[in-house]
Amino acid sequence: MTDISRLQEQRTFFDSGATRTLAFRMQQLLAFKQTIIRYEQQIYEALHADLKKVPEEAWFTENGLLIQELNYAIKHLPGWMKRKKAGTNLLNQPSSSYLYPSPLGVVLVIGPWNFPLQLLLIPVVGAIAAGNTVVIKPSENAPATARLVEKLVTETFPPGLATVIQGDGAVVIPGMMKEFRFDHVFYTGSIPVGKAIYQLAAKDLVPVTLELGGKDPCVVEADARLEVAARRIVLGKFSNAGQMCVSPDYLLVHVSVKEELLRLMKKYILDFFGENPAETYGYNKIINERNFDRLVSYLSQGKIVTGGEHDRTRLFIAPTILEEVNPEAPVMQEEIFGPVLPVFTFTAREEALALIRRNPNPLSFYIFTGSKVNERDWLEQVQFGSGCVNNTALQFTNHHLPFGGVGQSGIGGYHGRHTFDVFTHYKAVMKTPVWFDPALKYPPLKGKLKLLKFFIR
Ligand code: NAD
């Protein structure tokens with residue numbers, strides 16, 4: 001059971017007004033950056049223990065992205081904190097109008113295990129930059145990183161500003177949310193848990209950001225540059241052993257180029273991960289036995305084109321491509337979240353769209369094509385959160401783009417400026433001078449319709 005007095009401490013710290021100033025927030029962000037730099041080695045060790053991540057990959061997808069987010073926030077915070085001028089309509093002239101960024105209060109950030117550092121701490125950067133106090137819940141499924149996060153948060157921030165709560169999410173989170181009203185909940189994880197959090201939040205009208213998952217389609221058109229497509233699909237699918245919310249979940253390839261694309265993908269799997277990926281530097285492990293068993297059950301749901309080797313003692317599953325998969329099979333009903341890629345062919349776009357629409361609103365969508373018309377048509381016809389043309393997954397690393405889902409794949413987007421905005425309420429204020437007060441708006445209104453129609457149109 002969480003000690004609710006720790007959460008009250010966050011409320012008291014927020015209410016003290018300490019987080020309101022630019023100087024305070026800047027000092028916290030700079031200290032946070034120094035900590036992340038100082039703990040670089042320990043970060044690599046924790047990520048290796050949890051997922052077998054190597055330092056190069058960790059920098060590319062974890063602490064490097066966190067530092068990028070911190071640098072961006074540090075650079076732009078003075079501008080973000082300024083009030084913004086807004087327009088004023090004719091009726092209210094000569095008033096002036098402004099948006100005042102203000103923090104939300106005490107916020108809860110809940111992270112998943114697959115990128116256990118940055119998916120947890122990038123939202124924290126925005127929460128602190130925006131002047132909130134923050135309760136941080138790491139995933140219990142990445143215990144080494146969870147322990148390290150607690151250590152570095154505790155060393156960096158005053159306890160009232162940021163605190164880490166550990167434990168089984170299914171127990172700890174409902175416990176906290178029933179006893180304490182947060183001002184915002186930022187959750188990254190699966191759709192079923194996202195729904196449970198949304199329900200918990202609803203009873204107190206707590207706003208939420210939900211960064212969820214789904215089945216992300218990847219389409220390769222006949223006019224795509226196949227060599228590049230193969231390379232980028234293999235990277236996006238098998239990095240972190242496919243345990244990425246932005247990994248292509250399944251492939252839809254134009255029938256005329258299927259054989260060549262698969263030939264190239266097999267070549268790149270070999271180039272990137274070697275003859276024996278279980279031993280390859282940089283090929284990651286499956287997070288735990290439960291996910292390993294789920295993923296292995298998919299291997300018999302199609303014909304293996306390449307891969308299929310697995311070893312439960314090492315939580316290893318080789319990069320695997322499947323064909324002849326029944327769309328009704330579990331591998332096409334559930335988010336795969338692992339190194340297994342079913343491949344389908346299409347001739348007309350409608351066939352591919354019919355398959356995509358079985359799992360609507362994917363988090364991400366990827367289209368490989370050389371044609372601008374194809375590109376536009378695909379982007380229009382599929383509803384998705386974020387995506388790429390002629391690339392996969394890397395949109396996540398561009399902090400100028402908001403990252404988030406739509407419909408079933410989530411609510412709200414973040415990264416860069418958008419992370420600050422998630423944790424900010426813009427107070428909308430109109431200031432009216434006192435030297436001018438026309439009678440138009442005051443009763444009696446009789447006979448003023450024509451004039452009102454002039455001012456409100
Ligand atoms: P997980 O099991 O680590 O759970 C995520 C968090 O939810 C943890 O902190 C956990 O403690 C908590 N939790 C678990 N059960 C809970 C419950 N019943 N009530 C409240 N909290 C609970 O991670 P996961 O959910 O298995 O993560 C994988 C999923 O996350 C995939 O669906 C993936 O697509 C999605 N994901 C989305 C993004 C994104 O940015 N949109 C990123 C990564 C992962």
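Here are the numbers for this structure:
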{"quantity": "Any chance His400 is more than 16 Å from the ligand (Cβ to nearest atom) and modelled with pLDDT of 95 or more", "calculated": "yes"}
{"quantity": "Qualifying residue in segment 76-94 (condition: more than 16 Å from the ligand (Cβ to nearest atom) and open to solvent by less than 10 Å² (accessible area, probe 1.4 Å))", "calculated": "yes"}
{"quantity": "Hey, Phe344 open to solvent by 20 Å² or more (accessible area, probe 1.4 Å) and over 22 Å from the mean Cα position of the chain (by Cα) or not", "calculated": "yes"}
{"quantity": "Qualifying residues in segment 413-442 (those that are of a type in the set (D, E, K, R) and modelled with pLDDT of 95 or more) - the one surrounded by the fewest Cβ atoms within 10 Å (Cβ to Cβ)", "calculated": "Lys431"}
{"quantity": "Failed item, numbered, when Gln166 is tested on (1) touching an Asp or Glu at 6+ places or on another chain (Cβ under 8 Å); (2) open to solvent by less than 10 Å² (accessible area, probe 1.4 Å); (3) not assigned by TED's automatic domain parsing to the domain that holds Lys267", "calculated": "(2)"}
{"quantity": "Any hit, segment 90-109, residues being of a type in the set (Gly, Ala, Ser), under 22 Å from Ser239 (Cβ atoms), modelled with pLDDT of 95 or more and assigned by TED's automatic domain parsing to the domain that holds Thr21", "calculated": "no"}
{"quantity": "For Glu40: the one exception among (1) over 30 Å from Leu440 (Cβ atoms); (2) in contact with a strand residue (DSSP E or B) (Cβ under 9 Å, 6 or more places away or on another chain); (3) surrounded by fewer than 18 Cβ atoms within 10 Å (Cβ to Cβ)", "calculated": "(2)"}
{"quantity": "Wholly enclosed strands (runs of 3 or more DSSP E) of segment 247-330 bearing at least 1 residues within 16 Å of the ligand (Cβ to nearest atom) and within 22 Å of Pro217 (Cα to Cα)", "calculated": "250-254"}
{"quantity": "Residue check, Arg232 in contact (Cβ under 8 Å) with a residue 60 or more places away in the chain and out of contact with any strand residue (DSSP E or B) (no Cβ under 7 Å at 6 or more places or on another chain)", "calculated": "yes"}
{"quantity": "Filtered residues of segment 183-233 (kept if of a type in the set (Asp, Glu) and either under 15 Å from Pro362 (Cα atoms) or within 16 Å of the ligand (Cβ to nearest atom) (or both))", "calculated": "Asp204, Glu211, Asp216"}
{"quantity": "Leading residue by the ranking (nearest to the ligand (Cβ to nearest atom)) among those in segment 140-161 that are open to solvent by less than 20 Å² (accessible area, probe 1.4 Å) and free of Cβ contacts under 8 Å to residues at least 40 places away in the same chain", "calculated": "Ala146"}
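The values are calculated or read from the model by the stated rules, or taken from the named source; none is laboratory data. Everything quoted here is computed from the prediction, not taken from an experiment. Cβ coordinates were reconstructed from backbone atoms using ideal geometry, including for glycine residues, and neighbour counts include every protein chain displayed. In case anyone asks, the SASA skips ligands and DNA or RNA and just uses the protein heavy atoms, side chains included. Shrake-Rupley method; radii C 1.70, N 1.55, O 1.52, S 1.80 Å.
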